[in-house]
1. Does Thr337 qualify as being more than 26 Å from the chain's Cα centre (by Cα) and away from ligand 2 (no atom under 16 Å from the Cβ)?
2. For residues in the range 107-119 being buried (at least 18 other Cβ atoms within 10 Å of the Cβ) and away from ligand 1 (no atom under 15 Å from the Cβ), which is farthest from the chain's Cα centre (by Cα)?
3. Restrict the check to the range 145-163 and report whether at least one residue is within 28 Å of Ala87 (Cβ to Cβ) and crowded, with 23+ Cβ neighbours inside 10 Å.
4. Being within 16 Å of ligand 1 (Cβ to nearest atom) and not in a helix (DSSP H, G or I) narrows it down to one residue among Leu144, Leu190; which is it?
5. Run down Glu99, Glu118, Glu73, Glu35 and say which single residue is of a type in the set (D, E, K, R), out of contact with any helix residue (DSSP H, G or I) (no Cβ under 7 Å at 6 or more places or on another chain) and either in the same structural domain as Leu221 (by TED's automatic domain parsing) or modelled with pLDDT of 95 or more (or both).
6. Of all the residues that make up the range 234-246, how many are more than 15 Å from Asn96 (Cβ to Cβ) and assigned to a helix (DSSP H, G or I)?
7. Which members of the range 262-304 meet the condition of being within 19 Å of the chain's Cα centre (by Cα) and more than 23 Å from Lys225 (Cβ to Cβ)?
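The values are calculated or read from the model by the stated rules, or taken from the named source; none is laboratory data. If you're wondering where the values come from, they're calculated on a predicted model, not measured in any experiment. Note: ideal-geometry Cβ built from the backbone for every residue, glycine included; neighbour counts use all protein chains shown.
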Amino acid sequence: MKPFIEITKILAQQSLKFSVGLKTFNPCFFGESCEGACPKREKVKLDWKNLGFGYAVTDYNCRAFFKNGKWSEPTIFPDETINLSIAAQFIHYGQNIFEGIKVFEQKNGDITAFRPIENAKRFIQSAKACEMVPVPEELFMKTLDKVVQLNHRWVPPYGSGASLYVRPFQMGVEPLMGVKPSLQYTFIILVTPVGAYFKSGFKPGKFAVADDLDRAAPFGLGKVKAAANYVSGLRGTVRAKHDGYNEIIYLDCVQRKYIEESGPANFIAITKDNKYVTPKSSSILTSITNMSLREIAEKDFGMTVEERPISVDELADFEEVGACGTAAIISPIHSITYKDKVFTYGSPDKAGPKLTQLYNHIRAIQLGEAEDKYNWNYKFNI
Ligand code: PLP
Ligand code: COI
């Protein structure tokens, strides 16, 4: 047992309470499991229905450390700051990866995450692509369990439309000057309650194709969730907002002809003959939402699914288009501006019927309103 845990257990036995910053907490929360030790606490009082996609400090985050060739057990932190060397690898050379998972309160009161094991697997792929030491799947899931259990009062209530966004991230923290992989890593999971990612929510938005900006290259890091891809996309996001669009859609950076994805979400389209089409490319993120929607489209709604290069010329042919991802779920798109052309889809106020059907079904599975026949929901022991 870790000495830190030992000390905090002794403190807990003595029923001591102490303060960190403005918060008062009971040290029994530092136990190896909060089961039985956690006092039942009231849900926080927030305007759940009007939450945006922002960061609110919650009660705890959970961290594990890689040093001397091995990972530590996850430890609970009430403090949201980190203490780092100014020469830490990731600050200068970018060994920094992350994930995004949503946790819901279901209709029957269960607290569940949507397909987190897929995130644990992708996190390993991201680490490998960035020459980082991967977080084992078991450690990832153990840390996730702990952080959600301890922050359960931050899980938005069923029916609020909000969710608890879980952000696992890992960075190379070894102090060094030469460009090389770190031998030390910090893995943290933070949680924060969120509403819709795009302000438009499930209302159709306006997107623009950028033909003079690239997000990721074919043999680069686009397929994984490296922080580098997001700084690369910032110029597009800033320009989109400035010009009155929700986001940018990128094109492949070799031929500048094929649709890639948006800054924070995959591109999906429905054709007039009821096909679900989405780009196949080595430089877009392997989206868990898209993977799930493809399965629902094919197996539950009998649609033909095509994962293939999509030429920008096809924009004129689609019936419905959207962006999908954990944060966005499905964000329907009403218009796409490309050079001097504006392609429009359906009504500006209401998503098309196919995307609505897909959105409603994936939401119903996440919220326990529809049968989870693919076993996608992961239930927390709370
Ligand atoms: N594409 C990018 C660039 C993203 O950041 C995300 C969000 O995670 C997605 C796609 C969607 O992936 P997922 O459905 O796994 O969240
Ligand atoms: C997610 O959908 O979880 C993402 O990570 C997108 C993000 C950049 C907010």
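1. Numbers: more than 26 Å from the chain's Cα centre (by Cα): yes; away from ligand 2 (no atom under 16 Å from the Cβ): yes.
When the stated conditions are applied, Thr337 passes them.
2. It comes out as Ile111.
3. No, every residue in the range 145-163 fails to be within 28 Å of Ala87 (Cβ to Cβ) and crowded, with 23+ Cβ neighbours inside 10 Å.
4. So the residue among Leu144, Leu190 that is within 16 Å of ligand 1 (Cβ to nearest atom) and not in a helix (DSSP H, G or I) is Leu190.
5. Testing whether each residue is of a type in the set (D, E, K, R), out of contact with any helix residue (DSSP H, G or I) (no Cβ under 7 Å at 6 or more places or on another chain) and either in the same structural domain as Leu221 (by TED's automatic domain parsing) or modelled with pLDDT of 95 or more (or both) leaves just Glu73.
6. The initial filter retains those residues of the range 234-246 that are more than 15 Å from Asn96 (Cβ to Cβ), namely 235-246.
Filter once more, keeping what is assigned to a helix (DSSP H, G or I): 235-242.
Final tally of qualifying residues: 8.
7. Answer for the range 262-304, where residues must be within 19 Å of the chain's Cα centre (by Cα) and more than 23 Å from Lys225 (Cβ to Cβ): there is none.
Matching residues to (1) within 16 Å of ligand 2 (Cβ to nearest atom); (2) among the aliphatic types (A, V, I, L, M):
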site: Ser281; (1), (2): no, no
site: Thr286; (1), (2): yes, no
site: Ile296; (1), (2): no, yes
site: Gly322; (1), (2): yes, no
site: Lys379; (1), (2): no, no
site: Ile382; (1), (2): no, yes
